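Quick notes on the structure that follows.
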């Protein structure tokens, strides 16, 4: 899965990556994994957006080990762009994997 996450991040434009990183650093985004389909290599999660500690939006994101990516945000649905929510989930998954590895 790590390879597909890196590939996905490479396909997200720099501005969206920047917003994703800033949002994670400022704790604007929280991730809640809702479904893991190991058989199909899919992870579905909600990327929750906050501003000044107040919930503002919820995005449903699905990422696949085969490079599949989907989000219910306007950038993806209307524009077809790989979005910052996909980047947020990718970065979050990579971080969680690194934290688990460090515990061993």
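Below are the figures for this structure:
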{"quantity": "Residue match in segment 69-78 (condition: assigned to a loop (DSSP other than H, G, I, E, B) and surrounded by fewer than 18 Cβ atoms within 10 Å (Cβ to Cβ))", "calculated": "yes"}
{"quantity": "Answer residue from segment 5-32, given it is assigned to a strand (DSSP E or B) and either touching a helix residue (DSSP H, G or I) at 6+ places or on another chain (Cβ under 6 Å) or at pLDDT below 95 (or both) and is surrounded by the most Cβ atoms within 10 Å (Cβ to Cβ) among those", "calculated": "29"}
{"quantity": "Within segment 79-98, tally of residues that are touching a strand residue (DSSP E or B) at 6+ places or on another chain (Cβ under 8 Å) and either assigned to a loop (DSSP other than H, G, I, E, B) or farther than 15 Å from residue 48 by Cβ (or both)", "calculated": "4"}
{"quantity": "Number of positions in segment 33-45 that are surrounded by fewer than 16 Cβ atoms within 10 Å (Cβ to Cβ), assigned to a strand (DSSP E or B) and in contact with a strand residue (DSSP E or B) (Cβ under 7 Å, 6 or more places away or on another chain)", "calculated": "4"}
{"quantity": "Segment 79-98 - residue that is surrounded by fewer than 16 Cβ atoms within 10 Å (Cβ to Cβ) and in contact with a helix residue (DSSP H, G or I) (Cβ under 9 Å, 6 or more places away or on another chain) and, of those, modelled with the lowest pLDDT", "calculated": "97"}
{"quantity": "Residue in segment 47-64 that is outside any strand (DSSP E or B), touching a strand residue (DSSP E or B) at 6+ places or on another chain (Cβ under 9 Å) and without any contact (Cβ under 8 Å) to a residue 24 or more places away in the chain present", "calculated": "no"}
{"quantity": "Subset of segment 65-81 [touching a residue at least 40 places away in the same chain (Cβ under 8 Å) and under 10 Å from the mean Cα position of the chain (by Cα)]", "calculated": "69"}
{"quantity": "Condition broken by residue 101, with the remaining ones in (1) outside any helix (DSSP H, G or I); (2) free of Cβ contacts under 8 Å to residues at least 60 places away in the same chain; (3) surrounded by fewer than 14 Cβ atoms within 10 Å (Cβ to Cβ) satisfied", "calculated": "(1)"}
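The values are calculated or read from the model by the stated rules, or taken from the named source; none is laboratory data. What you are looking at is a predicted structure, and each value in this text was computed from that prediction instead of being measured. Because the Cβ atoms are built from the backbone with ideal geometry, glycine has one as well, and the counts that use them run over all protein chains shown.
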